[in-house]
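The values are calculated or read from the model by the stated rules, or taken from the named source; none is laboratory data. The structure presented is a predicted model; accordingly, all values stated were derived computationally and were not measured. Because the Cβ atoms are built from the backbone with ideal geometry, glycine has one as well, and the counts that use them run over all protein chains shown. All accessible areas refer to the heavy atoms of the entire protein, side chains included, with ligands and DNA or RNA removed. Shrake-Rupley method; radii C 1.70, N 1.55, O 1.52, S 1.80 Å.
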Amino acid sequence: MQKTRIVTSFITHDGKILILKRSEKVRTMKGLWSGISGIIENDEAPIERAKIEIFEEVGIQQEYITLIKSSKELNVESPQYKNHQWVIFPFFFKTEKSAIKLNWEN
C-alpha cells in the first residue's frame, strides 16, 4: 500500500475557524472542504511543513501564528484512492491576523 505523509492545519481567529474548499485544479481531493494541507517533503519536520503551507495557501507568516495543539499522526484510507493511505499530521493554530490571501489551491 502506498503511503503519503501530509500535514493538515486549522487556524482560529476571533472565535472562528478557517476551513477551505479545495480547487478543481489540485491533484487530490478536488472540491472538498479541508484545513490547510500539504505533502511532507523528504525528512522534513511536519510542524515546519505546516507553517510553510499556511504561508503559501493563505499568506500568514509564521511569526503571526501560534500552535495551540497538535496530535499524533492519523492513518486514513480514502475510497477515492485504492491501495493508498494518508498519514496525516494534524495541527491547530491561532492568529491575530484577520486578512488572508488564498492561492490557487483553494
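Residue by residue, here is whether (1) more than 11 Å from the chain's Cα centre (by Cα); (2) over 19 Å from residue 104 (Cα atoms); (3) surrounded by 11 or more Cβ atoms within 10 Å (Cβ to Cβ) holds:
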{"residue": "14", "(1), (2), (3)": "yes, yes, no"}
{"residue": "26", "(1), (2), (3)": "yes, no, yes"}
{"residue": "36", "(1), (2), (3)": "no, no, yes"}
{"residue": "63", "(1), (2), (3)": "yes, yes, no"}
{"residue": "72", "(1), (2), (3)": "yes, yes, no"}
{"residue": "86", "(1), (2), (3)": "yes, yes, yes"}
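Pairs are defined by a Cβ separation below 8 Å, a sequence spacing of at least 6 or placement on different chains, a first member in segment 93-106 that is in contact (Cβ under 8 Å) with a residue 60 or more places away in the chain and under 15 Å from residue 51 (Cα atoms), and a second member that is β-branched (Val, Ile, Thr) and open to solvent by 80 Å² or more (accessible area, probe 1.4 Å); the pairs so defined are 93/68; 94/68. Collect the residues in segment 83-101 that are among the polar types (S, T, N, Q) and not in a strand (DSSP E or B), keeping them in residue-number order. Matches in segment 83-101: 83, 98. Could you check segment 57-82 and list, in sequence order, the residues that are within 16 Å of residue 98 (Cα to Cα) and either outside any strand (DSSP E or B) or touching a helix residue (DSSP H, G or I) at 6+ places or on another chain (Cβ under 8 Å) (or both)? The answer is 57, 58, 59, 60, 61, 62, 63, 64, 65. Residue pairs whose Cβ atoms lie under 6 Å apart, sitting 6 or more positions apart in sequence or on different chains, and linking a residue in segment 5-32 that is in contact (Cβ under 8 Å) with a residue 12 or more places away in the chain and among the polar types (S, T, N, Q) to a partner that is open to solvent by 70 Å² or more (accessible area, probe 1.4 Å) and in a strand (DSSP E or B), are 12/94.
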